[in-house]
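**Student:** The structure's right below; bear with me while I get my questions together.
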Amino acid sequence: MVTAWNVCRGVRLNLVKEFVMLRIFLKQHRSYIIVYVLNFILISYLVFVTGAAIDDRLISYAGLLSFVLLVLFLVWRFWQMRPLYEELSKSVMQLEDMKVNLPKKDAVTAQFVQYMDQQYKVGREALLEAEANNEQWRLLIINWVHHMRSPINGLRLALENKREGAYYELLLECDRLDQQLDTILNLARVSSIASDLVIEELDLNDVLKTAINNHKRQFIYKQITPAFKSITDAYVYSDRKWLTFIIEQLLRNALKFSRMNSVMTCTVTRTDGAISLIITDQGVGIPASDLPRVFELYFTGYNGRHNKSSTGIGLYLVKQVATELNIKVCIESEEQVGTRITLTFPQ
C-alpha cells in the first residue's frame, strides 16, 4: 500500500514538473505561435480578397503542412531547451549542476550560465570578505578581553586580604567586571562552540557546588541563602566548562533580580530517567509578555530597562550553549514571586 502510494506520488510530482517546464516553454515561444497564426490568417484573407482560383484542398493541405512543421519545430526546440527548463523548475538551483547539465551550444543558455557564474563569484567574494571581517572582530574581542583581565586580576590580588567595607565592595565590582568580560568573550566564541566541546561524565552536584562557590561574595553581599537539594547519583554527560558557564549565568541572573535576605533553591531531581536542575529565586519575576522573548539576543525586557546592568546577552548564550549540549531549558516566572528555570539533561 505504501509502495503504491509512493509510486502515485512520484508520478504526480513528475507530471507537475513537466507541466511547469511546458508552461515556461510556451511563455518563451508564444511569439512563434502568434506569428504563425497571424501569417495563416493573412494568407487566407489575401486568397479570399483576390479571388485566386486555388483549390480549397490545396489550402487546407498547405495549412496542415505548415502546422505540422510548426509543431515539429516546437518539439525539437523543447527537447533542446529541456535541460534549462529542468533547472529553472527546481526550487534550488546548483550552479555546478547547471554548468554540467545545460547545453553549451545554445547561445542564450550559455550566456545565462555565464551570467550566473559571474554573480556567484561576486557573491562568494562578498561572503568571504564578510567572514574575514567577522573573524577579525572576534579575534579583536578575545584579545581585548584577555588584556582587560590583567589589571582586574592585579586589583583583585591587592584587595584579597581586605574584606571589609569599601574593599569588599571593590572586590564585588571586580567580580562583576570579570563576569561581563566572560560574557563578551563567550559571545565571540559561541559560533564555534561545537569544536570546543569535550563531553565526559560529570557529577552535576560537584559542578553546581563549584558554580555557587564562585559566586559566594554576591550571595553574602545580598544576604541570599543558597538552598541545595539533590539526589546522590546525579551524573550527566556534558562539557564541564560550558555546563559551568550555563549554571553560573543562571545564578548571576537570579542574584541580580533576587530580593535581599531571600532564599535561592537549587534542586537536582530525576524524572522518568532524566536528570533536571531547577534553580528557583525569590525575585521580582518576569512579566508574562516578556517570557517568550527572554532568549533573544539583546532583549532586556521590562526588568532590564529598570536594571542598567542588564545586557540581554546572558540568557541568549545560555540557550545557544544548551542547544549544543542537547540540554532543554524551560523558564517559568510570576511577577513579585520569583523565577524558576529548569535544565533537563538527555538520558
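What follows draws every value from the coordinates through simple rules; no lab data is involved. Treat the numbers as computed from the prediction; the structure is a model and nothing was measured. Ideal geometry is used to build each Cβ from the backbone, glycine not excepted, and the neighbour counts take in all protein chains shown.
**Student:** Taking the Cα centre of each part, how many Å lie between region 284-331 and region 169-208?
**Tutor:** Measuring centre to centre over Cα atoms gives 16 Å.
**Student:** Given R₀ = 25 Å, FRET efficiency for ASP206-ARG156 by Cβ-Cβ distance, to 0.05? Could the numbers behind the result be given before it?
**Tutor:** Numbers: r = 25 Å, r/R0 = 0.98.
Calculated transfer efficiency: 0.50.
**Student:** So what are the radius of gyration and Dmax for the Cα set of region 205-264, in Å?
**Tutor:** When restricted to Cα atoms, region 205-264 yields Rg and Dmax of 12.1, 35 Å.
**Student:** Counting other beta carbons within 10 Å of each residue's own, what order do ASP272, ASP290, ASP233 fall into, fewest first? Write down the numbers at each step before the final one.
**Tutor:** Numbers: ASP272 5, ASP290 17, ASP233 10.
Fewest-to-most Cβ neighbours within 10 Å comes out as ASP272, ASP233, ASP290.
**Student:** With +1 assigned to the C-beta of every Lys and Arg and -1 to the C-beta of every Asp and Glu, and no other charges, what is the dipole magnitude of region 254-303 about the Cα centre in debye, to the nearest 20?
**Tutor:** 120
**Student:** Testing the spin-label approximation: label points 7 Å from Cα along Cα→Cβ at LEU22 and LEU74. State their distance in nm.
**Tutor:** 1.1
**Student:** Hey, another quick one. Can you give the log10 of the normalised intensity I(q)/I(0) at q = 0.29 Å⁻¹, computed with Debye over equal Cα scatterers of region 297-347?
**Tutor:** Values returned for q = 0.29 Å⁻¹ are -1.13.
**Student:** If you stretched the chain out fully between GLU131 and LYS241, how much longer would it get, using 0.36 nm times the residue separation minus the C-alpha to C-alpha distance?
**Tutor:** 36.9 nm
**Student:** In a shell of Cβ-Cβ distance under 12 Å around VAL294, excluding VAL294 itself, what net charge do Lys and Arg (+1) and Asp and Glu (-1) give?
**Tutor:** Neighbour charge sum, excluding VAL294 itself: -1.
**Student:** Follow-up question, since we're still on this one. How big is Rg to Rh over region 260-322, alpha-carbon atoms, Rh as the Kirkwood inverse-mean-distance radius?
**Tutor:** Details: Rg = 14.0 Å, Rh = 13.6 Å.
Result: Rg/Rh = 1.03.
**Student:** Give me PHE228, PHE219 ranked fewest to most by other Cβ atoms within 10 Å of their Cβ, as a rough exposure proxy.
**Tutor:** Details: PHE228 13, PHE219 17.
Going from least to most buried by this count: PHE228, PHE219.
**Student:** Quick check: net charge around LEU250, other residues with Cβ under 12 Å of its Cβ, Lys/Arg +1 and Asp/Glu -1?
**Tutor:** With Lys, Arg at +1 and Asp, Glu at -1, the neighbours total +2.
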